[in-house]
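In what follows, a single structure is set out as C-alpha cells and then discussed.
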Amino acid sequence: MKRRLFSRHPTNPILTPDDWPYPVNAVFNPAVTVHEGDTVLLVRVEDRSGISHLTVARSADGYGDWKIDPRPTFLADGSDAEVWGVEDPRITVIDGRFHITYTGFSAAGPLVCLAVTDDFREFERRGVIMPPEDKDAALFPVRFDGRYALIHRPVTAYPGMQAHIWLSWSPDLHHWGDYQVLLPARRGAWWDAGKVGLGPPPLPTAHGWLLCYHGVKQTAAGALYRAGLAMLDLEDPRRVIGRSRDWVLGPEAPYERSGDVPDVVFPTGWVVEEDGDTVRMYYGAADTCVAVATASLGELVEHVFATCVCGGPHTDYRCEDVAGGLFGPSSSRL
Ligand code: BMA
C-alpha cells in the first residue's frame, strides 16, 4: 500500500479528558502556535454542562509533557454572542500578536469572534466579526494591499444551498466586505460534498497558500469528517490554483472512529518545524481528544497539484470557475 502523506504520532491521542486538571467531558479542536519556544495549544474544552471554553496546554516538543492551565484560560464572556460558550479557535500571528478567531455560540447560532493576546493570559476581545451562522474562520498572517483577509464558512437556510468556504476583506479587522465563495463544497458522492470548512490558518509556501480543510459526507450511519488540501495564489488569494482530489486524512484510528461524535478528524492548527519541511498538524478526534500527525510540506505541496482534478475527466469542479463574484462559480456546475 502506498505510504500515507500524514503519519499519526505513536503516542496519539496526545491529550484526553483524563489529562485535564479539572473535570471535563471532552478536549478537542485546538488552535496552535509557538510562544516563547513552546508549542501552545488553545484547546476547546467541553465541560460537563455541554458548554465549551478554551484552555492553554504547552509543551516543549509539541508531543508530550503538557503543562495545562489549572483553570479555564478563556471563558465565554456572558454576552449574547457567547451565550452557549466558545469553540474551535484558530490562531494567526499578525504583526507579532496572536489573533484568535473562534466560534461564539449565540442564541441565533454560531458566529465568528476575534480576540487578541500577547501572552495567553490577558485577552483583548474585539467582538463579533461575522454574524450567524458562520464558523471555521482564520485570518491570513499578512495584509494584501493593506487589507486583512479572512477565510470563513457561513451557512444560509436557503433550500439546497451547500456550506461553502468564503473569503472576506477588511481595512481594520472590524468592517468586512467584498465577500466571495472561495472553495465550494463539491456535490453528489464526493467526500467533501455538502459541507466544507477551513482547518488550520492558511500556510505560506513558495508555491502558494496551502489550505487544509474538512469535508463532510453524509451517510446512512451519520456524517464522516475528513480533511483535504487546496492551494491559493500567493499574491491573490482569491484564486484557487489547486485542490486535492482525495482526502489526505480520514478517521481510521480507534480514537478517531469512536468518541462523542464518531468518525471525525477535525484539523485546526499546524506548525512547521525548524527544518522548514516537517509539518505537525493538530486535530480533534471524534470530538473527544486531541491528536497530532506529521507530514512533509514539500510532499503536501506536490500532492495538491499532482492530484488536482481541475479539468479532469471525473469531476464537475474546476479551479478556474471559482475566482471572483459574490457567489463565485455558477452553482449549476458545482
Ligand atoms: C462541526 C463543528 C466542530 C465539530 C464537528 C464534528 O460542525 O461543530 O466543532 O468537531 O462539527 O462534530
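The values are calculated or read from the model by the stated rules, or taken from the named source; none is laboratory data. All of these numbers come straight from a predicted model, not from anything done at the bench. Glycine also receives a Cβ, built like all others from the backbone with ideal geometry; neighbour counts cover every protein chain displayed.
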Those strands (runs of 3 or more DSSP E) completely within the stretch 1-66 that have 2 or more residues that are more than 17 Å from the chain's Cα centre (by Cα) and of a type in the set (Ser, Thr, Tyr) are 52-59
Say we look at the stretch 136-162 and pick out the residues that are of a type in the set (A, V, I, L, M) and over 28 Å from Phe98 (Cα atoms); which of these is modelled with the highest pLDDT?
Ala157
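So that you can scan it fast, the table gives a plain yes or no per residue for (1) buried (at least 19 other Cβ atoms within 10 Å of the Cβ); (2) touching a residue at least 40 places away in the same chain (Cβ under 8 Å):
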{"residue": "Glu124", "(1), (2)": "no, no"}
{"residue": "Asp134", "(1), (2)": "yes, no"}
{"residue": "Pro141", "(1), (2)": "no, yes"}
{"residue": "Tyr148", "(1), (2)": "yes, yes"}
Within the stretch 57-64, identify whether any single residue is farther than 16 Å from Val40 by Cβ and of a type outside the set (Gly, Ala, Ser), and answer yes or no.
no
For the stretch 197-207, which residues satisfy the criterion of being in a strand (DSSP E or B) and buried (at least 24 other Cβ atoms within 10 Å of the Cβ)?
Gly197, Leu198
Go through the stretch 213-294 and tell me which strands (runs of 3 or more DSSP E), entirely inside it, have 1 or more residues that are modelled with pLDDT of 95 or more and within 16 Å of the chain's Cα centre (by Cα).
222-232, 265-272, 278-285
Which pairs have Cβ atoms under 8 Å, sit 6 or more apart or on different chains, and link a residue in the stretch 255-271 that is within 20 Å of Pro201 (Cβ to Cβ) and touching a residue at least 60 places away in the same chain (Cβ under 8 Å) to one that is away from the ligand (no atom under 13 Å from the Cβ) and assigned to a loop (DSSP other than H, G, I, E, B)?
Pro267/Pro200; Thr268/Pro200; Gly269/Pro200; Gly269/Pro201; Trp270/Pro200; Val271/Gly62
Elements of type strands (runs of 3 or more DSSP E) contained in the stretch 71-146, each with 3 or more residues being within 21 Å of Glu36 (Cβ to Cβ) and not aromatic (Phe, Trp, Tyr)
86-94, 97-106, 109-117
Could you grab the pairs with beta carbons closer than 8 Å, sequence gap of 6+ or different chains, first residue in the stretch 18-31 and in contact (Cβ under 8 Å) with a residue 12 or more places away in the chain, second one within 16 Å of the ligand (Cβ to nearest atom) and assigned to a helix (DSSP H, G or I)?
Val24/Pro17; Asn25/Pro17; Ala26/Pro17; Val27/Pro17
Based on what the data block shows, is Asp69 away from the ligand (no atom under 16 Å from the Cβ), over 19 Å from Phe266 (Cβ atoms) and loosely packed, with under 15 Cβ neighbours inside 10 Å?
no
For the stretch 215-243, pairs from a residue that is charged (D, E, K, R) to a residue that is within 16 Å of the ligand (Cβ to nearest atom), with Cβ under 6 Å and 6 or more apart or across chains, are Lys217/Trp191; Lys217/Leu224; Arg226/Trp191; Arg226/Gly215; Arg226/Trp247; Arg226/Gly250
Among the listed residues Arg90, Arg97, Arg4, identify the single one that is at pLDDT below 95 and either farther than 17 Å from Thr268 by Cα or buried (at least 16 other Cβ atoms within 10 Å of the Cβ) (or both).
Arg4
When Gln180 is evaluated against the numbered criteria (1) in contact (Cβ under 8 Å) with a residue 60 or more places away in the chain; (2) within 16 Å of the ligand (Cβ to nearest atom); (3) surrounded by fewer than 21 Cβ atoms within 10 Å (Cβ to Cβ), which criterion, by number, is the only one it fails?
(2)
